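What follows is a set of notes on a single structure, which appears directly below.
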Amino acid sequence: MRDGYAGDLRPAEAWALLKDDPNAVLVDVRTAPEWNFVGLPRLDSLGKETICISWQVFPHMGVNDDFTEEVAARGVGKDQPVLLLCRSGVRSRSAAIALTVEGFGPCYNVAEGFEGDRDGDLHRGSVGGWKVAGLPWAQG
């Protein structure tokens, strides 16, 4: 473990872990507007679902004080691999550290996130990320 969590996985590595480990779960830590308007990873081909729990609460974007409890309430056990995803990998890294501190894990950050980094025109969705990797997703 480095930096307080199990480390970063690129989207394709995250998909492989979710596919190969039946206990691995994906927690999308973005906000409801992001889930509804930008899209969600689809794991149904793996017989899984994306667990949606915001790390920060929209619209004020303060940290969700109940995050750990909400993860546990969704049936995530402390001995399961937990992969955390946000827009770009920043919020999910913080969430991975927080869950690790609470005894969950191993907890991984999905680097690049769902939308990836900004391109030269400051747009997301064309440089890195879950969507650009060609992994399954759907828009609300």
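The values are calculated or read from the model by the stated rules, or taken from the named source; none is laboratory data. Worth saying up front: this structure is predicted, and the values here are computed from it rather than measured. No Cβ is skipped: glycine too gets one built from the backbone with ideal geometry, and neighbour counts run over all protein chains shown.
Is it true that GLY105 is on the phi > 0 side of the Ramachandran plot and either outside any helix (DSSP H, G or I) or touching a Phe, Trp or Tyr at 6+ places or on another chain (Cβ under 8 Å) (or both)? Judged against the criteria, GLY105 is a match. Count of region 113-131 residues, restricted to those that are in contact (Cβ under 8 Å) with a residue 40 or more places away in the chain and within 20 Å of LEU46 (Cβ to Cβ), is 4.
VAL76 meets all of the listed conditions (1) among the aliphatic types (A, V, I, L, M); (2) crowded, with 16+ Cβ neighbours inside 10 Å; (3) within 19 Å of PRO11 (Cα to Cα) but one, namely (3). Contact list please: Cβ distance under 8 Å, first residue in region 1-25 and within 15 Å of THR100 (Cβ to Cβ) and of a type in the set (D, E, K, R), second residue at pLDDT below 95 and outside any loop (DSSP other than H, G, I, E, B), pairs at least six apart or on different chains. Going by the 8 Å Cβ cut-off, there are no qualifying pairs. Residues that are within 17 Å of LEU17 (Cβ to Cβ), outside any loop (DSSP other than H, G, I, E, B) and among the small types (Gly, Ala, Ser) do occur in region 70-92. Taking the conditions exactly as written (under 20 Å from TRP137 (Cα atoms) and not in a loop (DSSP other than H, G, I, E, B)), does SER45 satisfy them or not? Judged against the criteria, SER45 is a match. When ASN64 is tested against (1) buried (at least 22 other Cβ atoms within 10 Å of the Cβ); (2) modelled with pLDDT of 95 or more, only condition (1) is not met.
Filtering region 7-47 to residues that are farther than 23 Å from VAL127 by Cα and either of a type in the set (S, T, N, Q) or over 14 Å from the mean Cα position of the chain (by Cα) (or both) leaves LYS19, ASP20, ASP21, PRO22, ASN23, ASP44, SER45, LEU46, GLY47.
Quick one: is TRP35 out of contact with any Cys (no Cβ under 6 Å at 6 or more places or on another chain), part of a helix (DSSP H, G or I) and among the aromatic types (Phe, Trp, Tyr)?
On the way: out of contact with any Cys (no Cβ under 6 Å at 6 or more places or on another chain): no; part of a helix (DSSP H, G or I): yes; among the aromatic types (Phe, Trp, Tyr): yes.
So TRP35 fails the test.
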